[in-house]
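> Questions regarding the structure given below will be posed in turn.
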Amino acid sequence: MSAAARRLPLLLAAVVAAFTARADAIRTERVFFAPGATRAVIAGSLEGRKSIDYLLGARAGQTLSVTMDSDNTAAYFNVIPPDAQDVAVYAGHSGPEPNRYQGTLDLDGDWKLRVYLYRAAARRGERADYRLDVSITGEPDPAAARAANDFGPREWDARGDLGCARGGQPMQPAACPFKVTRYRMEPGATIFVLPPGVAAEPGAERILYFQGGAWSTPTADAVAVSKRADLWTVTVGAETYEIPEAVIVGG
């Protein structure tokens with residue numbers, strides 16, 4: 001950690017307990033607030049493609065506030081609700097104010113703050129020292145709780161249905177529900193789509209990234225694409241989706 005990072009004042013120290021890392025290189029740590037405290041400051045570092053999930057136990061109706069400062073401008077954090085694995089309600093790299101979040105929580109449970117390096121910096125193996133300033137304030141309010149999400153993000157730019165097929169079967173028009181969030185800092189989008197025949201529930205969706213004219217997915221499945229006019233055909237594993245250009249760019 002840099003000397004500058006070591007000098008950052010820890011006004012309220014967070015007690016962080018680490019437990020087993022998952023295979024996807026995301027280390028998980030639980031944050032405990034000091035008795036009677038509503039705020040914690042966490043200093044840490046990460047490198048390359050590694051990420052860290054900080055777990056915060058909280059209740060619906062409380063307010064979560066997070067700010068992040070780092071010596072690397074490619075370091076960000078996401079806020080992920082208890083009913084999602086990877087789908088964020090706030091993404092630091094594309095939020096209205098990067099790495100500054102405040103919101104009223106709408107589920108009881110463990111909220112995750114995922115700290116990561118943005119793709120290009122992660123690929124280059126860059127390093128970041130950072131400080132998270134976290135507070136959870138207010139009284140729980142059961143009336144503020146929502147039902148668990150059907151699938152994908154709770155906030156999106158558009159939703160609808162895509163043509164899809166599985167295992168070489170004929171394409172079924174408008175058979176797979178999707179949600180899309182479009183990037184603000186650069187052209188591209190993340191598409192959350194229910195695979196053919198899969199019921200809507202948290203974590204059931206297929207996630208597809210479109211950036212720089214290329215498609216990818218966070219899983220190990222092979223991705224093959226083709227385009228005719230303004231219609232993309234994207235095959236991921238045994239699944240094939242027809243995605244109009246308007247889904248990505250709007251209009």
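> Per residue, what volume in Å³ does the Cα convex hull of the chain take up?
Value for the chain: 135 Å³ per residue.
> Among Ala214, Thr190, Gly138, whose Cα lies farthest out toward the positive end of the dipole of the chain, if unit charges sit on the beta carbon of Lys, Arg (+1) and Asp, Glu (-1)?
The Cα lying farthest towards the positive end belongs to Ala214.
> Would you mind calculating the relative contact order of the chain from Cα pairs under 8 angstrom and at least 6 residues apart, reporting the percent as a whole number?
Relative contact order here is 16 percent.
> What is the magnitude of the charge dipole of the chain about its Cα centre, with +1 placed on the Cβ of each Lys and Arg, -1 on the Cβ of each Asp and Glu, and no other charges, expressed in debye to the nearest 20?
It works out to roughly 660 debye.
> Here is a follow-up. If you find the alpha carbon centre of region 115-141 and of region 42-106, how far apart are they in angstrom?
What the calculation gives is 6 Å, centre to centre.
> So, one more: Using the Cα centre as the reference, give the magnitude of the dipole from point charges on the C-beta atoms of region 158-249 (Lys, Arg: +1; Asp, Glu: -1; all else neutral), rounded to the nearest 20 debye.
120 debye
> Answer rounded, prolate or oblate for region 158-249, using the Cα gyration tensor with square roots of eigenvalues a ≥ b ≥ c: rounded when a/c is under 1.5, else prolate when a/b is larger than b/c, else oblate.
rounded
> Here's something else I'd like to know. What are the aspartates and glutamates whose alpha-carbon lies under 18 Å from the alpha-carbon of Lys179, with same-chain residues fewer than 8 places away excluded?
Asp83, Asp86, Asp150, Glu155, Asp157, Asp161, Glu201, Glu205, Glu239, Glu242, Glu245
> While we're looking at this one, here's another question. Specify which residue in the list Thr63, Leu107, Gly36 is farthest towards the positive end of the charge dipole of the chain, using unit charges on the beta carbon of Lys, Arg (+1) and Asp, Glu (-1), about the Cα centre.
Gly36
> Can you tell me how region 94-203 classifies by the Cα gyration tensor, rounded, prolate or oblate, using a/c under 1.5 as the rounded cut?
It is oblate, given that a/c is not under 1.5 and a/b is not larger than b/c.
Every read-out reported here was derived from the displayed coordinates using simple, explicitly stated rules and does not represent laboratory data. Remember, it's a predicted structure, so these values are computed and weren't measured experimentally. Here the Cβ is made from the backbone with ideal geometry for all residues, glycine too, and neighbour counts use every protein chain on show.
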